[in-house]
Amino acid sequence: MNIHEYQGKEILASYGVRIQRGIVANNAVEAVAAAKQLTAETGTGWHVIKAQIHAGGRGKGGGVKLAKNLQQVEEIAGQIIGMQLITPQTSAEGKKVNKVLVAEDVYYPGESETSEFYVSVLLNRATGRNMIMYSTEGGMDIEEVAEHTPHLIFTEEVDPSVGLQGFQARRIAFNLGLSGNAFKEMVKFIDALYNAYIGSDASMFEINPVLKTSDNKIMAVDAKVNIDDNALYRQPKYAEMRDIREENPIEVEAKEVGLNYVDLDGTVGCMVNGAGLAMATMDLIKYAGFEPANFLDVGGTADAKRVETAFRIILKDPNVKAILINIFGGIVRCDRVAQGVVDAYKNMGDAINVPIIVRLQGTNAEIAKELIDNSGMPILSAVQFQEAADQVKAALS
C-alpha cells in the first residue's frame, strides 16, 4: 500500500526522524493558513508547495514549487490542486492532485554548504535480508545514478538475527563523506529510519533527498513509503492512510469483491485460478504475439456469480478485445466452472461483446467441454494450452 509523502513523514517523525515540517492543504485558502502557521512555528519565510500523489518525479511535472510570499502560496496552490500531474512515473493521463503539502524552506544559508543524499530501506529478495541503499547523489533519479555512476551507490545488508548495528550506521555516514556533528546526526538518522521501516511493517522507505542543512542537521525532505499489504491487519492506523483516489478504480472494485486483479496494458483479458497458472497464461498470450490486459485470479470457487463478476471487471477495460479463461479443475470441478461460464454469459447478454475462449483441464474436463460446445453460446473451447493460444490468435486476427 502506497501512502502520501506527508503520511510517510508522520511515520518517520513518530520514530524520531527529523523531517522537513509541513501542513496539508486541500485548497488555496487552507494553503495560505498553513503557510502562516508554519511561519509562526518554524520562522520560515519561504514555503515549498508540493503536490501529494502516489508517484515520484513530481518536480519535473511542475508539482513542486517554491513560494516566496503568501500571494505566491495562494497562486501556486491554486494551480497545483486539481491539475493532472504527469511525471515519469505516471501514465500519459497523469494523476489528479487533490491536496498539497505546504512545507518549510530548509535550504537556508548558514555556516556550511547544504548537501543532498539518497537513502532507502528495502528487502533484498536475493538474500532475504533488509538492505539500506544509499548514495551521495541525492535529489536525482537513483535509476540514472545506477546507470551512469554505479560506483556511487552503496549498500548495507542487515542481519535479521541481530538487527542494524552501530558500526553499520557509522559506515554509512563515513561513506557519505560526513564529519563532526553531521556525522553524528546521520548515524542517529539511519538508526531511526531503520526502526521506522521495521516498526511500520514497510516494504520500502525511500528518502530522496536526505538533506544536510547549512547548520549540519540531517533531515528527510521527501518520503516515499510502501506498507506491506499483508501486515495491515496489525497496523490499523496505517491502513486508514489508504487513499483509494490514487489507485486504479477497477483494481479497487476487484479487491472489494475478493478478486486478485492487476490492470495491464494489453488487449487479452485473463480469467484464471491460481497465481502460477495466471503467470503461465500471460506468457502464453505473449508467445501468441499479444499482450495480457490484466492479471486476474478468481481463486478456487469459480461459480456463476464469481465468473460473472470477473467478466464485468475485465470488460471495464476498454482495451480488452478477447477474454481467455484458463482453469485447472483440482479443487473445483471443470463442469461446474463451465456451467458458471455459460450461466454468466446468459445473464450478461449483450454486455459481452468480445470473443471468449475457455480452456479447462482437470476433473470432468471432457464433460465441461461438452457443456460449452452444446450451450449454443458463442464460446470457444480448448483442451490444450497451445490450442487456446491458437484460438486467441484466430479471434483477434
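The values are calculated or read from the model by the stated rules, or taken from the named source; none is laboratory data. This is a predicted model, so every value here is computed, not measured. Methodologically, a virtual Cβ is constructed for each residue, glycine included, from the backbone with ideal geometry; neighbour enumeration extends over all protein chains shown. Calculation scope for accessible area: heavy atoms of the full protein, side chains included, ligands and nucleic acids excluded. Shrake-Rupley method; radii C 1.70, N 1.55, O 1.52, S 1.80 Å.
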- Looking for whichever is more than 23 Å from the chain's Cα centre (by Cα) and not assigned by the TED database to the domain that holds residue 192 here; the options are 90, 44. Which one fits? 44
- Message: Whether any residue in segment 188-201 is in contact (Cβ under 8 Å) with a residue 12 or more places away in the chain, outside any helix (DSSP H, G or I), assigned by the TED database to the domain that holds residue 8 and surrounded by 14 or more Cβ atoms within 10 Å (Cβ to Cβ) is what I want to check.
- Response: yes
- Query: Can residue 8 be described as in the same structural domain as residue 181 (by the TED database), touching a Lys or Arg at 6+ places or on another chain (Cβ under 8 Å) and not aliphatic (A, V, I, L, M)?
  - Reply: yes
- Query: Within the set of pairs 6 or more residues apart or between chains, which connect a residue that is without any contact (Cβ under 8 Å) to a residue 60 or more places away in the chain inside segment 233-246 to a residue that is surrounded by 13 or more Cβ atoms within 10 Å (Cβ to Cβ) with Cβ atoms less than 6 Å apart?
  - Reply: 235/201; 244/252
- Sole exception among (1) among the aliphatic types (A, V, I, L, M); (2) open to solvent by 50 Å² or more (accessible area, probe 1.4 Å); (3) in the same structural domain as residue 57 (by the TED database) for residue 123, by number: (3)
- Message: Considering only segment 100-120, I want to know if a residue exists there that is at negative phi, assigned to a helix (DSSP H, G or I) and not assigned by the TED database to the domain that holds residue 198.
- Response: no
- Query: What single numbered condition from (1) hydrophobic (A, V, I, L, M, F, W, C); (2) more than 30 Å from residue 152 (Cα to Cα); (3) in a loop (DSSP other than H, G, I, E, B) fails to hold for residue 53?
  - Reply: (2)
- Residue count, segment 24-60 (criterion: open to solvent by less than 60 Å² (accessible area, probe 1.4 Å) and touching a residue at least 40 places away in the same chain (Cβ under 8 Å)): 22
- Query: Of all the residues that make up segment 307-355, how many are within 28 Å of the chain's Cα centre (by Cα), buried (at least 21 other Cβ atoms within 10 Å of the Cβ) and of a type outside the set (A, V, I, L, M, F, W, C)?
  - Reply: 1
- Of all residues in segment 94-108, count the ones that are under 17 Å from the mean Cα position of the chain (by Cα) and open to solvent by 50 Å² or more (accessible area, probe 1.4 Å). 2
